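The values are calculated or read from the model by the stated rules, or taken from the named source; none is laboratory data. Just so you know, these numbers come straight off a predicted model, no measurement behind them. Note that we place each Cβ from the backbone using ideal geometry, even for glycine, and neighbour counts take in every protein chain shown.
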Amino acid sequence: MESPTHDCDTSMGHRHGWALRIAVACLATAVTLICRVRHDFGMSSLATYELEGHVATITYNRPDSLNAVNAEMRRDLNEAFARFRDDQDAWVGIVTGAGKAFCSGADIRAGIGSTGEFAGTFWEKPTVNSFESGWEIFKPVIAAVNGYCLGYGLTLVTWCDFVIASEDAEFGFPEVRLGVPAMVGAIRLPQRINWQYAMEMILTGERVGAARAKEIGLAGWVVPHDQLMNEARALADRLLAAAPLAARASKEVAVRTQSLSPVEAIRFAETMRIVATATEDAKEGLRAAGEGRAPRWQAR
Ligand code: COA
């Protein structure tokens, strides 16, 4: 017959065993979560970068000023976009804003400092010095527009591949009302939407709401405000079904061939086809199709 002491010892042993198992399980969950959602704690907080699975979310994070872009924000945004471009685990990007605005444009209280400082004189300065001014990032980017989207904010949106607008979103280029032109916006908006609607926005400086933005082709979708990020994530998940490098090759061909003659466009696209078909993922795609299973992409 087992003594009570023995019983007691045994139950203590069980308790310790369970405590250990629970501790291990908690640790494993924490590690999984940390691996799944990667925050960059080192980066200044004016533009945050968060990776969940293969989806990176970049968030304008200066809500008290409606995410107006000052020199510090410019630096942080550039860091976040460079990080997204270079992060091999980031296959799709979502850009959104903290608080009630997406981005209210240049910081009108910062004066000339709102674009930040770049090395060199005017003649040497690269004018393509940010994502919105045209950095080439061939990973798909979704703008999840949660509120005011003005000036620089709208310029950035016109460089995104997809625009999902909350019902609360408002879009505009107010520059002319401040006495200055909307330069990159003036280049890009007429490439995105019908000429007269682009001119209406650029030359009046008036804002349009989400429904009108969809009507003129500026926004692809309008969704209830509280569903915005779910919808953006759902679109990102659909994009993850594509082989990442095949998607990037497709986007690069779409971007570059805009300004090429038909023959050069075909030559470039066919060359890219050969390059992209030589990837491991292209082999995996064919293998998976032959075996009737879902492909496992590696972005290689
Ligand atoms: N630069 C600097 N600060 C800005 C800003 C900007 N572009 N947009 C908003 N803010 C600040 C406001 O000054 C205010 O700060 P405060 O609380 O310290 O006074 C705060 O953000 C909230 O803005 P507020 O104007 O009170 O909000 P609203 O809902 O009444 O109006 C806007 C929202 C976007 C219509 C209005 O803020 C606005 O017109 N902003 C300027 C937009 C602009 O011209 N951008 C430049 C493009 S080139």
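Just a few scattered comments:
- The set of residues in the stretch 57-72 that are modelled with pLDDT of 95 or more and not β-branched (Val, Ile, Thr) comprises Tyr60, Asn61, Arg62, Pro63, Asp64, Ser65, Leu66, Asn67, Ala68.
- Each residue in the stretch 174-198 was checked for being more than 13 Å from the ligand (Cβ to nearest atom) and either assigned to a loop (DSSP other than H, G, I, E, B) or surrounded by 14 or more Cβ atoms within 10 Å (Cβ to Cβ) (or both), and 8 of them qualify.
- Of the strands (runs of 3 or more DSSP E) contained entirely in the stretch 102-171, those carrying at least 1 residues that are away from the ligand (no atom under 13 Å from the Cβ) fall at 141-145, 162-166.
- Scanning the stretch 59-101 for residues that are in a loop (DSSP other than H, G, I, E, B) and away from the ligand (no atom under 16 Å from the Cβ) returns Asp87, Gln88, Asp89, Ala90, Trp91.
- Count of residues meeting criterion [of a type outside the set (Gly, Ala, Ser) and over 30 Å from Ala288 (Cα atoms)] in the stretch 211-268: 21
- Residues of the stretch 201-217 that turn out to be farther than 16 Å from Gly105 by Cβ and loosely packed, with under 15 Cβ neighbours inside 10 Å, as a count: 4
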